[in-house]
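Notes to accompany the following structure.
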Amino acid sequence: MATEVIMPQMGFDMKEGTLVKWMKAVGDQVSKGEPLAEIETDKAVVEIEAYAAGQLRKIVIGEGTTVPVGQVIGIIGTADEDISEVQSAPVPVPTEASPRADAPEKKPAEAVVTGPKAEGERTKASPLARKEAEQRGIDIALVNGTGPAGRVTKDDVIAYSQDVSQGKEAAPVPVAAAPAPVTDEVVPLSRMRQAIARNMARSKGEIPHFYATVDVDMTLAVKLRVELNEALGGDIRVSINDMVIKAAAKALSHHLMFNASFTEAGVHLKKAINIGVAIALDEGLIAPAILDCAGKSLSEIGAASSRLVERARSGVLSVDEYTNATFNVTNLGMYDVESFTAIITPPQSAALAVGSVTQVPIVKDGEVTVANRMKLTLSIDHRVADGAQAALFLAEVRGILERPMGLLA
């Protein structure tokens, strides 16, 4: 039986997605779970997998086209199967590559062309443009942008590449006779920043947050991390954040209300413990998940975390990584932030904020000594759990980290 490949919904407020690349051609055999296409959401380029085995019989949506969530983009079936009843062609939604038919034509003189970037200035570019530049080995800072506010588009990258291959140089930028007066600037919101704004406003507006903080003695955990990384020989490195993720996963298996979602029918307790890791990109913040953390060793979590960051920064994540986080861990310790509070990502019920590990004087057995301390702050959906439950969860996480040999079990 033929299977429709649809534009998936990745995120509760996602309304449409852009088909970036087909990884299979019509007639190719496809295995269940095999990467089939790359789509761009508001926040990332994500690989979607085939949910059935067979032959890719038809590509309904071409590359560079934006369509609504749920729209058929391709069809998988057997070689001799009649697929006429499942074929449906959508009305494309405009993208960079397909402008709106009713949009006024932009005249060449109206294009905003950017000149060389000042040192340290970040180039404004769409995710498609950044991916195209990476694939072509182009420094995107060298590309003149013709999009809104000088934003670099995919077409700009392609044009630059063609000019370079033909030995042409980028068009010179006129130099003003005198510096322009300093004025305020309105920076257009990227699609990712718009998505972040919507999600966070909805979270704070709908979820009654409350917070609880504990101070953790990380002296033994820091020592164990050094010894473990020496034993691993550099192929895999375990971070403090990996240790927190493992401790949180162990505690979540005993405190299910924090691995859950609030629904009108009741609290939905999740069986899988998939911990989202906050990753800062140029365009904004994403939190893809390390899947099945309860079933992974500490070193496996370290390896999975490194791979996840690499794929997120290269712009390719799987649908499950992008959508299936059940609990988030966000860490600002590397920026010397001692403590902060995280906003819960819907539909999750909690998030853990990790501060820096700092050496502080403490009194132990009547004597002043130096210890490594770290603050953990749990954000909780008050519809799902109360203060006593939060305190018990944090106490277990703290106990695991202060007796870190349990992380190796």
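Here are the numbers for this structure:
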quantity	calculated
Pick from region 260-312, criterion part of a helix (DSSP H, G or I), polar (S, T, N, Q) and open to solvent by less than 60 Å² (accessible area, probe 1.4 Å), ranking: nearest to L189 (Cα to Cα)	S305
Matching option when the condition is closer than 16 Å to I344 by Cα and at pLDDT below 95, among I286, I236, I275	I286
One residue from K32, K21, K58 being in contact with a Phe, Trp or Tyr (Cβ under 7 Å, 6 or more places away or on another chain) and either assigned to a strand (DSSP E or B) or under 27 Å from S84 (Cβ atoms) (or both)	K32
Restricting region 237-249 to residues that are within 27 Å of K364 (Cβ to Cβ) and surrounded by fewer than 20 Cβ atoms within 10 Å (Cβ to Cβ), the residue that is nearest to the chain's Cα centre (by Cα)	N241
Check on A260, aliphatic (A, V, I, L, M), more than 21 Å from the chain's Cα centre (by Cα) and modelled with pLDDT of 95 or more	no
Any hit, region 322-332, residues being touching a residue at least 12 places away in the same chain (Cβ under 8 Å), closer than 17 Å to I286 by Cα and in a helix (DSSP H, G or I)	yes
Any hit, region 336-349, residues being closer than 24 Å to L285 by Cβ, touching a residue at least 24 places away in the same chain (Cβ under 8 Å) and outside any loop (DSSP other than H, G, I, E, B)	no
Selection within region 208-249 - of a type in the set (K, R) and either farther than 23 Å from T341 by Cβ or free of Cβ contacts under 8 Å to residues at least 40 places away in the same chain (or both)	K223, R225, R237
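Yes or no, residue by residue, for (1) surrounded by 18 or more Cβ atoms within 10 Å (Cβ to Cβ); (2) in a helix (DSSP H, G or I):
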{"position": "I196", "(1), (2)": "yes, yes"}
{"position": "F210", "(1), (2)": "no, no"}
{"position": "T213", "(1), (2)": "no, no"}
{"position": "A231", "(1), (2)": "no, yes"}
{"position": "D235", "(1), (2)": "no, no"}
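The values are calculated or read from the model by the stated rules, or taken from the named source; none is laboratory data. Only a predicted model underlies this, so the values are computations on that prediction, with no experimental measurement involved. Heads up, the Cβs are rebuilt from the backbone with ideal geometry, glycines too, and the neighbour counts pull from every protein chain shown. These area figures cover heavy atoms from the full protein model, side chains too; ligands, DNA and RNA do not enter into them. Shrake-Rupley method; radii C 1.70, N 1.55, O 1.52, S 1.80 Å.
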